[in-house]
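Asker: Pasting a structure here, questions to come.
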Amino acid sequence: MDSVLLPQITGMEAQVSAKTDLTLYLANPRGFCAGVVRAIEIVEMALEKWGAPVYVRHEIVHNKHVVDELRAKGAIFVEELDDCPNNRPVVFSAHGVPKSVPAEAERRQMVYVDATCPLVSKVHVEAERHHQNGLQIVMIGHSGHPETVGTMGQLPAGEVILIETEDDVSRIYPRDPERLAYITQTTLSIDDTAAMVAALQARFPTIVGPHKKDICYATTNRQEAVKAMAPKIDALLVVGAPNSSNSKRLVEVGRAAGCGYAMLVQTADDIDWRALDGARAVGITAGASAPEVLVEHVVNAFRDRHNVTIEPVVTAEENVTFKVPRVLREPA
């Protein structure tokens, strides 16, 4: 009898045949917000107008991929104004800076562009207004975060009291409990912040709040999308940087909403596939400073391992845009 030649199954074919079905729920909105788009555009327009190098004080936004791309175009990222020469333009990051920074730039006669997100600037204006009305400020935020440092730096020392947790409310002693206002960092957890505001109002009944909530639309929308898809998924991946406040809050929101596994990943290389073993539905979102290309890489990594079905979870439509500063719209 003639021998029968059986087709050989290659490693790739075996891998394909072993693929399991998986549903990926993609949060929408996710990724870049209008403030981040504006900040990146400011650096790119500054490079186009003045040429390289353009200095940027702190990361323009909290994402290594974005920073590396701008660095390749000629941006130089520094920690302080002291690291910048007087004869080159400098851009201030989207998180905002203390008043002392632009004041020093003007003293040195430097060309500077402020890329502070307009929604962060709104909080700065609120703080100024409360101060002018004789109120001491309580700020809900994270110690050391650039946005918190910048906001507290709008007023003289001692005029802003920082709290980070609900327990902190009982540990502060303002100079006049009847003359208080509160503001918040724009990238906080909505639920955690609401609890702190309630505690402030219970202890200081006359405390004055913002006309509109300080937590920005993008933070709110991304957290609501995570809450909406939490009941549908076995695990949640948040694409974002470890120093991104809004990205870390998305992980916390997912866990609080019932996700048994919620993890922050910078890129697809950070995915712990063993932790996802057995998952049949995974949610993916991205912090406000994470580019969509990183989400695409994560989705493709799942496609390499599974038969993927994509299910969008849409909770809001965003059409917000912010103008860049006039100095960049004028001819050189």
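Asker: Assuming Gly141 fulfils every condition listed in (1) touching a helix residue (DSSP H, G or I) at 6+ places or on another chain (Cβ under 9 Å); (2) within 27 Å of Arg222 (Cα to Cα); (3) surrounded by fewer than 19 Cβ atoms within 10 Å (Cβ to Cβ) apart from one, which condition is it?
Answerer: Only one criterion is unmet by Gly141, namely (3).
Asker: Scan the stretch 160-181 and report the pairs whose first residue is touching a residue at least 40 places away in the same chain (Cβ under 8 Å) and whose second residue is aromatic (Phe, Trp, Tyr), with Cβ atoms within less than 6 Å and a gap of 6+ or a chain change.
Answerer: Leu180/Phe204
Asker: Which number in (1) over 16 Å from Ile161 (Cβ atoms); (2) touching a Pro at 6+ places or on another chain (Cβ under 9 Å) marks the one condition that Ala202 misses?
Answerer: (2)
Asker: Can I ask one more? In the stretch 194-212, is there at least one residue being β-branched (Val, Ile, Thr), surrounded by 15 or more Cβ atoms within 10 Å (Cβ to Cβ) and either closer than 13 Å to Val123 by Cβ or at pLDDT below 95 (or both)?
Answerer: As a first pass, look at the stretch 194-212 and keep what is β-branched (Val, Ile, Thr): 197, 206-208.
Filter once more, so that each one left must be surrounded by 15 or more Cβ atoms within 10 Å (Cβ to Cβ): 197, 207-208.
Subsequent filtering for residues that are either closer than 13 Å to Val123 by Cβ or at pLDDT below 95 (or both) retains none.
For the stretch 194-212, residues β-branched (Val, Ile, Thr), surrounded by 15 or more Cβ atoms within 10 Å (Cβ to Cβ) and either closer than 13 Å to Val123 by Cβ or at pLDDT below 95 (or both): absent.
Asker: Report, by residue number, each residue of the stretch 18-70 that is more than 20 Å from the chain's Cα centre (by Cα) and surrounded by fewer than 16 Cβ atoms within 10 Å (Cβ to Cβ).
Answerer: Ala18, Lys19, Thr20, Asp21, Glu48, Gly51, Ala52
Asker: When Ala235 is evaluated against the numbered criteria (1) surrounded by 20 or more Cβ atoms within 10 Å (Cβ to Cβ); (2) touching a strand residue (DSSP E or B) at 6+ places or on another chain (Cβ under 9 Å); (3) under 25 Å from Ala94 (Cβ atoms); (4) not acidic (Asp, Glu), which criterion, by number, is the only one it fails?
Answerer: (3)
Asker: Could you grab me the full set of residues in the stretch 95-130 that are touching a Pro at 6+ places or on another chain (Cβ under 8 Å) and farther than 21 Å from Val61 by Cα?
Answerer: Across the stretch 95-130, the qualifying residues are Met110, Glu126.
Asker: Shifting gears a bit: With the structure loaded, tell me whether Ala262 is over 17 Å from Thr184 (Cβ atoms) and out of contact with any Gly (no Cβ under 8 Å at 6 or more places or on another chain) or whether it fails that test. Don't jump to the end; show me each part of the working.
Answerer: On the way: over 17 Å from Thr184 (Cβ atoms): yes; out of contact with any Gly (no Cβ under 8 Å at 6 or more places or on another chain): no.
Spelling it out, it is not the case that Ala262 is over 17 Å from Thr184 (Cβ atoms) and out of contact with any Gly (no Cβ under 8 Å at 6 or more places or on another chain).
Asker: When you check Val324 against the structure, is it closer than 21 Å to Gly35 by Cβ, modelled with pLDDT of 95 or more, surrounded by 14 or more Cβ atoms within 10 Å (Cβ to Cβ) and among the aliphatic types (A, V, I, L, M), yes or no?
Answerer: Working: closer than 21 Å to Gly35 by Cβ: yes; modelled with pLDDT of 95 or more: yes; surrounded by 14 or more Cβ atoms within 10 Å (Cβ to Cβ): yes; among the aliphatic types (A, V, I, L, M): yes.
Here the answer is yes, as Val324 does meet what is asked.
Asker: Now for a separate question. If we keep just the residues of the stretch 155-178 that are within 24 Å of Lys99 (Cβ to Cβ) and of a type in the set (Val, Ile, Thr), which is surrounded by the fewest Cβ atoms within 10 Å (Cβ to Cβ)?
Answerer: Ile172
Asker: Return the residues of the stretch 71-94 that are in contact with a helix residue (DSSP H, G or I) (Cβ under 8 Å, 6 or more places away or on another chain) and in contact (Cβ under 8 Å) with a residue 24 or more places away in the chain; say none if nothing qualifies. Please lay out each step first, then the result.
Answerer: Pass one, the stretch 71-94, residues in contact with a helix residue (DSSP H, G or I) (Cβ under 8 Å, 6 or more places away or on another chain): 73-75, 77, 81, 88-94.
Within the stretch 71-94, Lys73, Gly74, Ala75, Leu81, Arg88, Pro89, Val90, Val91, Phe92, Ser93, Ala94 qualify.
Asker: A further question on this structure: Please count how many residues of the stretch 122-134 are hydrophobic (A, V, I, L, M, F, W, C) and surrounded by 21 or more Cβ atoms within 10 Å (Cβ to Cβ). Walk me through it before giving the result.
Answerer: Residues of the stretch 122-134 hydrophobic (A, V, I, L, M, F, W, C): 123, 125, 127.
Remaining after also requiring surrounded by 21 or more Cβ atoms within 10 Å (Cβ to Cβ): 123, 127.
The number of residues fulfilling the criteria is 2.
Asker: Now for a separate question. So the check is Cβ under 6 Å with 6+ separation or different chains; which pairs have a first residue in the stretch 287-306 that's of a type in the set (S, T, N, Q) and a second one that's in a helix (DSSP H, G or I)?
Answerer: Ser289/Val36
Asker: Give the residues of the stretch 279-298 that are in contact with a His (Cβ under 7 Å, 6 or more places away or on another chain) and assigned to a helix (DSSP H, G or I), sorted by residue number. Full working, then the answer.
Answerer: Let us first name the residues in the stretch 279-298 that are in contact with a His (Cβ under 7 Å, 6 or more places away or on another chain), namely 289, 291, 294.
Passing the criteria: only Leu294.
Asker: Take the stretch 159-188 and flag every residue that is part of a loop (DSSP other than H, G, I, E, B) and among the hydrophobic types (A, V, I, L, M, F, W, C).
Answerer: Ile172, Leu188 - these are the residues of the stretch 159-188 that are part of a loop (DSSP other than H, G, I, E, B) and among the hydrophobic types (A, V, I, L, M, F, W, C).
Asker: Go through (1) in a helix (DSSP H, G or I); (2) among the aliphatic types (A, V, I, L, M); (3) touching a Gly at 6+ places or on another chain (Cβ under 6 Å) and name the single condition Leu236 misses.
Answerer: Result: Leu236 passes all but (1).
The values are calculated or read from the model by the stated rules, or taken from the named source; none is laboratory data. Values in this document were obtained by computation on a predicted structure and should not be read as measured data. All Cβ positions, glycine included, derive from the backbone under ideal geometry; neighbour counts span all protein chains shown.
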